[in-house]
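Have a look at the structure below before the remarks.
The values are calculated or read from the model by the stated rules, or taken from the named source; none is laboratory data. Predicted, not measured: the structure shown is a model, and the values here were computed from it. For neighbour counting, all protein chains shown are included, and Cβ atoms are generated from backbone atoms with ideal geometry for every residue, glycine included.
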Amino acid sequence: MNIRTQISMVFHLDKCIGCHTCSIACKNLWTDRKGAEYMWWNNVETKPGTGYPTKWEEQSEYKGGWEIKGDILKPKMRGRWNRLLNIFSSPPMPTIDDYYEPWTYRYEDLFNAPEGDDQPTARPISLITGEPINIEAGPNWDDDLSGSTIYARNDPNLESLTDLEREQLNELERLVFFYIPRMCNHCLNPACVATCPSGAIYKRGEDGIVLIDQKKCRGWRMCVSGCPYKKSYYNWNTGKSEKCILCFPRLETGQVPACMHSCVGRIRYLGVMLYDADKIEDSAKVSDDKLVDTQLDTILDPFDEKVITAAKAQGIYDEVIIAAQNSPTYKFVKQWKVALPLHPEFRTLPMLFYVPPLSPIIAKMESGKFDVVNADSTAQTDHLQLFHSLADSRVPIKYLASLFSAGDTSKIDHIYKKLIAVRLYMRSITVGDVTQDDLKKAFETGNTNAEEAVMIYRLTSLPSIDERFVIPPMYREEAIESFGDVYDHKSGIGFGFMQKAERRL
Amino acid sequence: MTNSFLFIAFPYLSVTIAVIFTVYRFTTDRYSYSSYSSQFLENKELFWGSVPWHYGIIIILLLHIFALIIPGAYRWLLAGSRIELFESIGLGLAFLSFVGLIILAVRRLSDSKVTAVSYATDWLLLFLFLFQVGSGIYIALTYRWGSLWYLNTIVPWIWSLFSFTPDSSYVVVLPMIVKLHILNAFFLIAIIPFTRLVHIISAPIPYLWRPYQIARWYK
Ligand code: SF4
């Protein structure tokens, strides 16, 4: 056992209202700079939709993530020789047009325009060339555009559906969408690290945060293609790549990352997990249907005496182990098993997990009465119809499976049944119209019980900020001690980066 | 006097400048040690320019150096009718890199986004390389079997420089265009540390054997 610690996240998609507050918090803090205007380390996508950059999930084009060749796990961008031989121009790299060209407006025209018959306007100009441009794409350009023929219908995840199912998804009554906020997953088996020829990208041993060393990055851009989530970005001004840093300066001072702190829907959870680093490669090597299970296997039980002893022996501090025990992410992911990684088939073992959304079911209003289409005739009462019709959920379960479980619908099915049992149980308490029989059945199919249901309910609906974010102590002072003088550091500011971050010659 | 400056002092000077400032930039500003890539702004033309350019020029450069370091093996390679094959391959590679360069130059001029991020040194390098490859092709076509007389003129001259017994008489008799080719080459060496050419040194060869995953610990 080679125990390491990893900061992990859970996003509860039922709670996301798609307000983009998270993206703005991140933008204001980190990417409001020349060359980074187009970057959204955190972005919120409408699904079904093509996302940002457009069709990022299409790995046949972008070659992100890993694949198994025989018995070998290789970056989809191929092996080492191939990378170096293609270093002069790497074809699978997305360009600015796959994101959008950043722009501003010529505001001064509003003041300086000579008097005339027409209103002066502020023309959009490109932030790269300074020339006027026609805006054809922008941040969250496809926001809420469910059913759109350009965006929603080109979602790569729809490939898992039959033609009929796809058609149905486009019927006006069935139009549906949900939001999926995305950021760097700080993966256990990061493909960006593996594809960086300079070795500039690394995982911090103590907390698993994936960072790009700006002084070592030589701008070969392989990580941009290599990351299957397209969460490594090329700064066109500095000529270096950048990515989400999980607000490590905030975490080190005990603060919550900006996107999570500002989240209006309070959908975000952060906590530390213990995992077995020796298992990483093997768990990324199994067939698609086993990927989620093997990933969960690498995560260790922080209450297990054996794990605790081994962790201590490896120098993991007691406070960190306690933080792992209190981690909300451990509960969602491993204990209750209601959260799944996004696209596990990319094989990077992402450490950001999603609770899939309980989408509305298909229903219609007829003569003033709300009717669930295809309702289970044995379900007597309305609430059972509402809660039980899993097959009738408006987002086809296959679609969610394509997002969160490499196509395995049973995983989504289990989560749904459990979450529905939680809702029924809470309804039995607050409304009191659920029979004991129905409740028993719900608990059985949902593989849960009253105690767990209450815990899930509490952490979903009522958590305090300290319950949502359990930040382990990061022992920054020891880090400083190991690379320099603490007193020197105290009198300095910032990241110890003295030169201007820009291209020089 | 001019000759001894151009073919003795200047080569020494340019190599000295290159070494000192390359080391200086490496130690004081390693952040900048790369070639600024504009592939993110324009992808398609770059492929047709950059790939032929790099493959052409790297092989030709290696052949120049190969003749310099192991002249014996090089002479064997050229023996008999093999020289015709050798020269045609060389010429083919030269054309390849020349075409690549022209595509790169056109791209830099015509794509407004790429123009916007171009530095003066980018234009300078394009110009110098166009001249260098162009003059090389011209020499190959007009002064036959350059690969052979290179061995008897420039190679011993450079060796004389290496061994600190400089003797410019090997090269002063060469035609003007060859002299310009030589001087431009040493000028290019001198400006390595002041341009994006430093990326030659940061070629990521260790990638071939390092493990895929990297973790950094502060303990
Ligand atoms: S701030 Fe929270 S609720 Fe709003 S879009 Fe972001 S994740 Fe969703």
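Please verify whether B:ILE65 is within 14 Å of chain A (Cβ to nearest Cβ) and either under 19 Å from the mean Cα position of the chain (by Cα) or under 20 Å from B:LEU128 (Cβ atoms) (or both), treating the condition exactly as stated. Step through it out loud before you land on a result.
On the way: within 14 Å of chain A (Cβ to nearest Cβ): no; either under 19 Å from the mean Cα position of the chain (by Cα) or under 20 Å from B:LEU128 (Cβ atoms) (or both): yes.
So B:ILE65 does not fit the description; no.
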Among the residues of the range B:43-54, write down those that are facing chain A (nearest Cβ under 7 Å) and not β-branched (Val, Ile, Thr). B:ASN43, B:LEU46, B:PHE47, B:SER50, B:HIS54
Scope the range B:11-33; condition under 17 Å from the mean Cα position of the chain (by Cα) and either within 11 Å of another protein chain (Cβ to nearest Cβ) or buried (at least 16 other Cβ atoms within 10 Å of the Cβ) (or both); matching residues: B:PRO11, B:SER14, B:ILE17, B:ALA18, B:THR22
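So, in the range A:110-149, how many residues would count as being farther than 30 Å from A:LEU175 by Cβ and either within 14 Å of another protein chain (Cβ to nearest Cβ) or not hydroxyl-bearing (Ser, Thr, Tyr) (or both)? Full working, then the answer.
Filtering the range A:110-149 down to residues farther than 30 Å from A:LEU175 by Cβ leaves A:110-133.
From what is left, the residues that are either within 14 Å of another protein chain (Cβ to nearest Cβ) or not hydroxyl-bearing (Ser, Thr, Tyr) (or both) are A:110-120, A:122-133.
Residues in the range A:110-149 being farther than 30 Å from A:LEU175 by Cβ and either within 14 Å of another protein chain (Cβ to nearest Cβ) or not hydroxyl-bearing (Ser, Thr, Tyr) (or both): 23 in total.
Please find, within the range A:24-54, the residue that is farthest from A:ASP155 (Cα to Cα) out of those that are within 16 Å of the ligand (Cβ to nearest atom) and charged (D, E, K, R).
Of the residues in the range A:24-54, the ones within 16 Å of the ligand (Cβ to nearest atom) are A:24-31, A:40-47, A:49, A:51-52.
With the extra rule that they be charged (D, E, K, R), the set shrinks to A:27, A:45, A:47.
Numbers: A:LYS27: 26, A:GLU45: 11, A:LYS47: 8 Å.
Applying the filter and picking the extreme gives A:LYS27.
Does B:PHE194 fit the bill of being of a type outside the set (A, V, I, L, M) and within 14 Å of another protein chain (Cβ to nearest Cβ)?
Values: of a type outside the set (A, V, I, L, M): yes; within 14 Å of another protein chain (Cβ to nearest Cβ): yes.
So B:PHE194 fits the description; yes.
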Of everything in the range B:34-89, what is over 26 Å from B:ILE192 (Cα atoms), buried (at least 17 other Cβ atoms within 10 Å of the Cβ) and among the charged types (D, E, K, R)? Give them in sequence order. B:GLU87
Going through the range A:222-235 in order, the residues found to be in a helix (DSSP H, G or I) and either hydrophobic (A, V, I, L, M, F, W, C) or surrounded by fewer than 24 Cβ atoms within 10 Å (Cβ to Cβ) (or both) are A:MET222, A:CYS223, A:VAL224
Quick one: count up the residues across the range A:188-239 that are more than 8 Å from chain B (Cβ to nearest Cβ), among the β-branched types (Val, Ile, Thr) and without any contact (Cβ under 8 Å) to a residue 60 or more places away in the chain. 2
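Taking helices (runs of 4 or more DSSP H) that do not extend beyond the range A:240-353, which have at least 1 residues that are away from chain B (no Cβ under 14 Å), within 16 Å of the ligand (Cβ to nearest atom) and touching a Leu at 6+ places or on another chain (Cβ under 6 Å)?
A:258-262
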Please go through (1) under 30 Å from B:VAL114 (Cβ atoms); (2) modelled with pLDDT of 95 or more for B:ASN43 and return the number of the only condition it doesn't satisfy. (2)
For the range A:429-474, what are the residues that are touching a helix residue (DSSP H, G or I) at 6+ places or on another chain (Cβ under 8 Å) and among the small types (Gly, Ala, Ser)? A:ALA442, A:GLY446, A:ALA450, A:ALA453
Those helices (runs of 4 or more DSSP H) lying entirely in the range B:105-181 with at least 2 residues of a type in the set (Val, Ile, Thr), within 14 Å of chain A (Cβ to nearest Cβ) and out of contact with any Asp or Glu (no Cβ under 6 Å at 6 or more places or on another chain): none
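Given the condition within 16 Å of the ligand (Cβ to nearest atom) and either touching a helix residue (DSSP H, G or I) at 6+ places or on another chain (Cβ under 7 Å) or not polar (S, T, N, Q) (or both), answer yes or no: does some residue in the range A:55-76 qualify?
The answer is no; no qualifying residue exists.
Quick check on B:ILE137: is it of a type in the set (Val, Ile, Thr) and within 20 Å of B:HIS181 (Cβ to Cβ)?
Details: of a type in the set (Val, Ile, Thr): yes; within 20 Å of B:HIS181 (Cβ to Cβ): yes.
It is true that B:ILE137 is of a type in the set (Val, Ile, Thr) and within 20 Å of B:HIS181 (Cβ to Cβ).
Regarding A:TRP81, is this residue within 13 Å of chain B (Cβ to nearest Cβ) and either within 30 Å of A:ARG268 (Cβ to Cβ) or not aliphatic (A, V, I, L, M) (or both)? Quick ask: steps written out before the conclusion?
Numbers: within 13 Å of chain B (Cβ to nearest Cβ): yes; either within 30 Å of A:ARG268 (Cβ to Cβ) or not aliphatic (A, V, I, L, M) (or both): yes.
Yes: the conditions hold for A:TRP81.
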